[in-house]
Amino acid sequence: MVGERGRAGDLSVEAGGWWSDEMNGHGCRQMEAEFVRRYHRHQPRENQCSSTLVEHVKAPVHLVWSLVRRFDQPQKYKPFVSRCVVQGDLEIGSVREVNVKSGLPATTSTERLELLDDNEHILSIKIVGGDHRLRNYSSVITVHPGVIDGRPGTLVIESFVVDVPDGNTKDETCYFVEALIKCNLKSLANVSERLAERHTSN
């Protein structure tokens, strides 16, 4: 299942890059599929669901990645996070305690850093505890450089796998998690694009 696409319109690919102009979107979809195949390979069990979502951001990849990689500060772009505390140094295996804003069926989330690759721009986390219903939740987010409307842009792909809670269907569970991720990705795009505008005007 692939979630709603971002706002950049049809895309095409050349020499490993992508852009949004008057080009057909077939090439970009091939490139997206290749990134998903390479970095977002979840193997959901019978009682789990999985999905992949895409966002196109009108900001250069280094700005987007500077926000995504901050495992210790997800509130920089995630609107539902009110507070985050990481114990010790930021490294693989580090655990963060996240406080969630009211309005969601959760108050806290304990999350472990599984992968942080600054070269390939990959961040992976696993939820290991907390007051919520997302059991055995793992996610991968990758960011990829490109061009949108003749300017540096970024393709962001986020995928997840999670248990389906008792009393819920796979579709209901995926819909709920996708809604949260779409909100986070939209916010990531907005924050990144504001940063890009600020850099351009300086």
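The values are calculated or read from the model by the stated rules, or taken from the named source; none is laboratory data. Owing to the predicted nature of the structure, the values given are computational and were not obtained by experimental measurement. Ideal geometry is used to build each Cβ from the backbone, glycine not excepted, and the neighbour counts take in all protein chains shown. Just so you know, the surface numbers come from the protein's heavy atoms only, side chains and all, with ligands and any DNA or RNA stripped out. Shrake-Rupley method; radii C 1.70, N 1.55, O 1.52, S 1.80 Å.
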Report summary line: Val86 neighbourhood, Cβ < 12 Å, K/R = +1, D/E = -1, net charge -1
**Report entry** Residue-averaged [θ]222 nm for the chain, counting only DSSP H segments that reach four residues, each worth -39500 (n - 2.57)
**Finding:** -9000 deg cm²/dmol
Report task. With a 1.4 Å probe and every protein chain left in place, tell me how much accessible area Leu116 has, in Å² to the nearest 10. Result -> 40 Å²
Requested in this report: Label the range 98-202 by shape, choosing from rounded, prolate and oblate, from the square roots a ≥ b ≥ c of the eigenvalues of the Cα gyration tensor; if a/c is under 1.5 it is rounded, and otherwise prolate applies when a/b is larger than b/c, oblate when it is not.
Outcome: prolate
Report summary line: Applied in sequence order to the range 86-96, the curve 6.51 cos²θ - 1.76 cosθ + 1.60 (Karplus, θ = phi - 60°) yields integer Hz couplings, x standing for Gly and Pro, of 10, 7, x, 6, 7, 7, 4, x, 4, 10, 10
Query raised in the report: Rounded, prolate or oblate: which fits the range 143-202 when a ≥ b ≥ c are the square roots of the eigenvalues of the alpha-carbon gyration tensor, with rounded for a/c under 1.5 and prolate only if a/b beats b/c?
Result: prolate
Requested in this report: May I ask for the equivalent-ellipsoid semi-axes of the chain, computed as the square root of five times each C-alpha gyration tensor eigenvalue and listed largest first in whole Å?
Outcome: 28, 20, 15
Query - Where Arg135, Arg83, Arg96 fall by accessible area, highest first, once all protein chains stay in place (1.4 Å) - result: Arg83, Arg135, Arg96
**Report entry** 1.4 Å probe accessible area per residue over the chain, in Å²
**Finding:** 52 Å²
Query raised in the report: What FRET efficiency comes out for the pair Asn136/His199, r = Cβ-Cβ distance, R0 = 41 Å, nearest 0.05?
Result: 0.55
Requested in this report: Answer rounded, prolate or oblate for the range 32-118, using the Cα gyration tensor with square roots of eigenvalues a ≥ b ≥ c: rounded when a/c is under 1.5, else prolate when a/b is larger than b/c, else oblate.
Outcome: rounded
Report task. Sort Asp149, Asp72 from largest to smallest accessible area, using a 1.4 Å probe on the heavy atoms of the protein chains. Result -> Asp149, Asp72
Report task. For the range 174-179, take each phi angle, set θ = phi - 60°, evaluate the Karplus expression 6.51 cos²θ - 1.76 cosθ + 1.60, and give the result in whole Hz per residue in order, putting x for glycine and proline. Result -> 4, 4, 5, 5, 4, 4
Requested in this report: Could you rank Thr154, Thr169 by how accessible they are, 1.4 Å probe, largest area first?
Outcome: Thr169, Thr154
Query raised in the report: Between Thr169 and Glu120, what is the spin-label point distance in nm, taking each point 7 Å from the Cα along the Cα→C-beta axis?
Result: 3.6 nm
**Report entry** the chain - percent of accessible surface contributed by carbon and sulfur, probe 1.4 Å
**Finding:** 47 percent
Query raised in the report: Where the centre of each part is set by its Cα atoms, how far does the range 38-66 sit from the range 71-86, in angstrom?
Result: 18 Å
Query raised in the report: Taking a probe of 1.4 angstrom, what is the accessible area of Ile92 in Å², to the nearest 10?
Result: 100 Å²
**Report entry** Percentage, to the nearest whole number, of Cα pairs in the range 70-139 over 17 Å apart
**Finding:** 40 percent
Query - Degrees between helix 26-39 axis and first principal axis of the chain (Cα, 0 to 90, nearest 10) - result: 40 degrees
